[in-house]
Every structure is written in structure tokens, then in C-alpha cells.
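The values are calculated or read from the model by the stated rules, or taken from the named source; none is laboratory data. Just so it is clear, the model here is predicted, and its values are computed rather than measured. Every residue, glycine among them, receives a Cβ derived from its backbone with ideal geometry; neighbour counts consider all protein chains shown. Calculation scope for accessible area: heavy atoms of the full protein, side chains included, ligands and nucleic acids excluded. Shrake-Rupley method; radii C 1.70, N 1.55, O 1.52, S 1.80 Å.
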Amino acid sequence: MTALKATAIANSNIALVKYWGKRDERLLLPANSSISVTLDDLYTTTTVEFGGKRRADRIQLDGRELLGEERTRVVRHLDLVRKLAGIKGKARVESKNNFPTAAGLASSASGFCALSLAASAAAGMGLDARNLSILSRLGSGSASRSVYGGFVEWVKGHQRDGSDSCAVQLADETHWKDFRLVTTIVTSTKKKISSRAGMRETVKTSPLYKTWLETIDPDLKAIRKGIRQRNLTQVGEIAEVNCLKMHATMMTTTPRVLYWQPATMEVIRSVVDWRASGERCWFTIDGGPNVKVLCRAKDARRLARKLEGLKGVKKAIVCKPGQGARLSFKHLF
Ligand code: PMV
């Protein structure tokens, strides 16, 4: 078989109304819909080549050979693409993040979206955005949202086969020019509990989980309106409380799912205090210790410097709403 090669770039996304918990573990169907913003400065580039004389898939991330569970997840996704495309060749995959992997900067979102686009294109599939979102979802739930730029909703869907559980774009990356998200990095080490395992335990054991689900629809409605009207106070308030509700379900899980570090609390405290003294800033936190701060364009650099001055904060990166996943001619090998 002749080698078939493609390269894709997918940006990371940060949820403003979070996805936490599945209704179907195998098809990665979420218990609730979620809304995110795709970020311009955090992305994954992935090249996939099928065919040649390879006897096994060879997968590298940031120059390191993937092993164990990480490798199995990627191979399983490649198997799915091979099955859908009706091809057999083994793959060489090289992937590069421009940010620390698995530190709560949503590397699985950009990673599985870039892998899905590169692999499906290399296999000659030419998927439309909806089907690319569904394929990405099957690698990692949050990856379904990175297909689109700007503000994106992953609609949970109702079908048992997951055919209606995919992302839709609410507004593109040019809609809200004044929106910024400052990502702080408090640690770049890999988290101990994966989102997948954490969610599973939360759904099973947190006494707050049912209440979390009951509050999702009003949050989605309010965030959609806030995005439409470019109302930072509304979007910030809802995103901050939604994130605290999600972390409350994690903290009340058995065994505990505790992602926060002392520096996480330091940033939370500071954002709340700064806001009380007139700053326009709100925080959100995914499944990890790093805090993201929502703010206006004109305040972003100053806030980033203030955040970098806090104990335990290594770096603060200013991001704008970014574009959706796309193919590139610059192959990594
Ligand atoms: O799909 P995963 O495994 O990347 O899980 C994402 C979970 C959160 O980041 C905490 C929330 C979200 O909606 O992105």
C-alpha cells in the first residue's frame, strides 16, 4: 500500500459550562451539554501516515514514544479510523503540543481533534465538520468542540448510538474581539487522576452530582445569552460558579478527586479580591490545577503580569478566541 499522509492543527478549548460525567462510557456520550471557547495560542499539530512497511503503529508525542494506556487510547482511535475508511495499514503518528501536556490545559481536546482530522484525511475520508466532531468525541469528549473556532456548544444529544452528540458553533472567533482568557500554569506535571477516571467515580459516588446536572440548563441558557450580547460580567459570573460546582462534585467523590494545588487557591483568592477592588476578571478551572482568567483585551497583559507575580504561578499566557481545526501542508516528518 502506498503511504497516505496528512497533517492537522487543532486548538485547545476551555469550557465555560463544563462537561463532567458520561451517560455512555463506550461511546463517550456526556450526561450534559457544555459550552467552550476555542483558544488561539494553545494548539496541537499532528501528522499521520498510513501504510509503508510498518508492522505496528508508531506514535510519538513531543519527541517521546507513547507507551501503555496513552498508546492504547491512540491505537484504538486509529483502529476506528481504519475500520471506517476500510484500510489496514499501520500508522506513524507524530504530534507536538505548544504547551505542557496533561496539565489541565486541555491537551486531550486539541490532541484528539488534530489526530482525528489528520488520520481521517490520511485515510482519504474527507469528513464534514459534524462527522469530524463525532469522530473526535470518540477519542476524547472535549475534542468534539475543538473542531470549531470561537464559541462552541457540544450538544449532548439523545440517540443511543451518539449520532446526534456533536458540537455546533455558537459564534465564530471574530464575534467577540474584546474577549481574552489568561491561562496560568502552576504546574506542568501530568495529573494523577485522568478526567475519564475522575468522572466515572464522580457519577457513581458524589452526593452532589444530581444537583450539578439540574443546574446545567439554566447555566447554558445564560452563557449563550452572555456570548451573544458580549456581556463579560454575565459570562464570567456563570463560568466561575459553574466551575466551582463541578469541582464541588469532584471534591465530594469517593475516592476524592482533588486537582487543586496551593497556587490554584492563591489565584482564585486574588481574582476574587481584585474583582472586589474594581478589576473585571473571573476564573475557571478544568480538570487540573491551572486557573484560567476571563477578562477584557485592554486588561489582559496587566493581569497576566499580576498573575505571574503570585506565589506558585510559573507562567501566564494571554489567549484570544481562536480558529477551528484545519489541515496543514507542513508535515512533522
Ligand atoms: O474530554 P476530557 O476527558 O478532556 O474531559 C474534559 C473535562 C473538563 O475539561 C473538566 C471539562 C470540559 O468540558 O472540558
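Tabulated results
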| quantity | calculated |
| --- | --- |
| Equivalent ellipsoid semi-axes, the stretch 1-123, via Cα gyration tensor eigenvalues times 5, rooted, Å | 26, 17, 13 |
| The chain - percent relative contact order, Cα under 8 Å, separation 6 or more | 25 percent |
| Exceeding the 23 Å Cα-Cα cut-off - candidates K191/K311; K96/K245; K192/K314 | K96/K245 |
| Other-chain or far-sequence residues with amide H under 5 Å of R58's (modelled H) | A91, R92, V93 |
| Set of aspartates and glutamates with alpha-carbon distance to K22 below 17 Å, sequence-local pairs under 8 removed | E153, D161, D164, E201, E214, D217, D286 |
| Cβ-based net charge around R230, under 11 Å, with every Lys or Arg adding one and every Asp or Glu removing one | +3 |
| Relative contact order computed over the stretch 202-256 (Cα-Cα under 8 Å; 6+ residues apart), in percent | 56 percent |
| Straight-distance crosslink candidates among lysines, where the alpha carbon sits under 19 Å from K177 and sequence neighbours closer than 8 are dropped | K225, K292, K298, K320 |
| Heavy-atom accessible surface of the chain: percent carbon and sulfur, 1.4 Å | 52 percent |
| S328 long-range amide H proximity, modeled H, under 5 Å | T7, A8, I9 |
| Spherically averaged projected area in nm², based on the convex hull that wraps the Cα atoms of the chain | 16.0 nm² |
| Point-to-point label distance, H158-K177, nm (Cα→Cβ direction, 7 Å offset) | 4.1 nm |
| Helix runs (DSSP H) in the chain reaching 27 Å along axis by Cα, Kyte-Doolittle at least 0.0 | 232-251 |
| Environment charge of R200, counting only residues whose C-beta is closer than 11 Å and scoring Lys/Arg +1, Asp/Glu -1 | +1 |
| Probe 1.4 Å, protein heavy atoms only - accessible area per residue of the chain in square angstrom | 43 Å² |
| Cα gyration tensor shape for the stretch 205-333, rounded if a/c is under 1.5, else prolate or oblate | rounded |
| R275/D128 FRET efficiency (R0 51 Å; Cβ-Cβ; nearest 0.05) | 0.75 |
| Estimated [θ] at 222 nm from DSSP helical runs (n ≥ 4, -39500 (n - 2.57)) normalised by residues in the chain, nearest 500 | -11500 deg cm²/dmol |
| Total formal charge among the other residues, if their Cβ is under 9 angstrom from that of E308, Lys/Arg +1 and Asp/Glu -1 | +4 |
| Per-residue ³J(HN,Hα) for the stretch 311-316, Karplus 6.51 cos²θ - 1.76 cosθ + 1.60, θ = phi - 60°, Hz, x for Gly and Pro | 4, x, 8, 7, 7, 10 |
| Base-10 log of normalised Debye intensity for the stretch 57-100 (one unit scatterer per alpha-carbon) at q = 0.19, 0.31, 0.32 Å⁻¹ | -0.60, -1.12, -1.15 |
